[in-house]
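Heads up: the structure comes next, in structure tokens.
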Amino acid sequence: MDTSLWRPEAEETLIARAPLAFATGAATPVKGMRWFRDTERRDIQNELDGWPAGPVYTAHSTGGTAARNTVKGAAMAVGVAVMGLLSSQSGSVGPGRSDKGSDTSHDRADEVEDFPVMWAAPGTVARTLPWQLDPARSPRDRYRTHAVITDRRLVIVGFPYVKGDEKHIRDELLWETPRSAIERVELRDFKVGNDAKIVFTDGSWCRVSSIKRERLTRYLIESPDFVPLASLTPAQRTTAENFAAAQAPDAQPPLVRRNPCGCFRIEVVAPSTIRASFGHSGLNTVMDAHGTELRLTEYHHEDFLT
């Protein structure tokens with residue numbers, strides 16, 4: 001094990017860690033592409049301080065798109081027929097699709113006609129983001145970037161990726177910003193459903209992608225107002241602390257949050273569970289107001305992580 005993890009300061013709480021990269025276009029005209037724009041929609045990648053040269057993309061023309069969609073439509077029709085035949089047999093075929101994705105874009109200008117992953121006027125926060133987030137400049141098979149969320153800031157770290165050794169993490173601090181600089185986070189479900197738009201208070205924004213999007217965005221969307229352990233009833237506190245004690249030896253004190261239904265979500269972060277591809281493990285459970293840990297079948301809708 002070769003690990004050197006970024007750690008928060010004393011009195012700062014580590015809340016989450018998840019993979020992070022600039023998003024990639026999925027609609028046919030912009031598939032596999034991304035752009036860095038100013039507020040006039042001009043390409044600014046050559047203006048970004050310290051960034052190495054990257055590819056120059058050109059969106060596919062409408063005519064070319066129509067021709068490709070004709071061929072694609074025919075292929076899909078055949079595929080649907082085959083799947084229909086197979087599904088009529090016993091059992092199921094193929095992996096299920098994530099229910100968070102959508103084939104409908106609600107932002108065609110930035111998802112179909114163009115695909116900016118940075119929107120930033122000169123001097124704004126988004127222009128300071130590290131180039132290592134760009135898969136075209138820093139391929140994921142050699143280097144990984146993670147977002148680390150604390151109760152004070154959003155941090156981006158990077159490290160060389162060693163295939164087959166998920167515990168080989170030697171963090172380099174690439175970037176950070178206080179939580180106060182983040183105005184809001186918007187989920188973007190078009191196609192796969194792994195994207196999010198982080199909007200800063202100066203009006204600049206970035207579009208990022210994470211296979212652990214919920215873990216990345218939950219406490220950027222929600223305020224980290226955890227219930228102090230001292231404020232729990234003895235039964236509730238016992239359940240929370242016992243759950244934390246049952247995790248990895250380096251598990252942090254439990255983070256407890258009251259759900260709208262009245263139950264409590266208990267989450268634990270253990271640095272030793274962090275992996276190069278997935279960030280930290282999701283160690284969580286739910287207890288009711290009496291401090292009784294619930295079975296999954298007893299969860300209310302508000303108790304599920306979405």
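The values are calculated or read from the model by the stated rules, or taken from the named source; none is laboratory data. Everything quoted here is computed from the prediction, not taken from an experiment. FYI the Cβ positions are ideal-geometry reconstructions off the backbone, even for glycines, and counts take in every protein chain you see.
Some notes on this structure:
- Residues in the stretch 84-116 that are among the aliphatic types (A, V, I, L, M) and at pLDDT below 95 were compared, and the one that is surrounded by the most Cβ atoms within 10 Å (Cβ to Cβ) is 86.
- Any chance residue 215 is surrounded by fewer than 14 Cβ atoms within 10 Å (Cβ to Cβ) and among the charged types (D, E, K, R): no
- In the stretch 1-44, residue modelled with the highest pLDDT [restricted to those that are polar (S, T, N, Q) and in contact with a Lys or Arg (Cβ under 9 Å, 6 or more places away or on another chain)]: 24
- The strands (runs of 3 or more DSSP E) falling completely within the stretch 123-197 that include 2 or more residues that are among the aliphatic types (A, V, I, L, M) and either farther than 23 Å from residue 37 by Cα or assigned by TED's automatic domain parsing to the domain that holds residue 280 (or both) map to 143-150.
- Residue check for residue 270: without any contact (Cβ under 8 Å) to a residue 24 or more places away in the chain, among the small types (Gly, Ala, Ser) and surrounded by 15 or more Cβ atoms within 10 Å (Cβ to Cβ): yes
- Among residues that are at pLDDT 95 or above, at positive phi and in contact with a Gly (Cβ under 9 Å, 6 or more places away or on another chain), residue 50 is not included.
- The lone criterion from (1) under 15 Å from the mean Cα position of the chain (by Cα); (2) at pLDDT 95 or above; (3) more than 30 Å from residue 127 (Cβ to Cβ) left unmet by residue 282 is number (2).
- Which numbered condition residue 216 misses (of (1) more than 25 Å from the chain's Cα centre (by Cα); (2) within 27 Å of residue 121 (Cα to Cα)): (1)
- Answer residue from the stretch 279-293, given it is buried (at least 18 other Cβ atoms within 10 Å of the Cβ) and touching a residue at least 60 places away in the same chain (Cβ under 8 Å) and is nearest to residue 159 (Cα to Cα) among those: 279
- Checklist (1) without any contact (Cβ under 8 Å) to a residue 12 or more places away in the chain; (2) not in a loop (DSSP other than H, G, I, E, B) applied to residue 241, failing item: (1)
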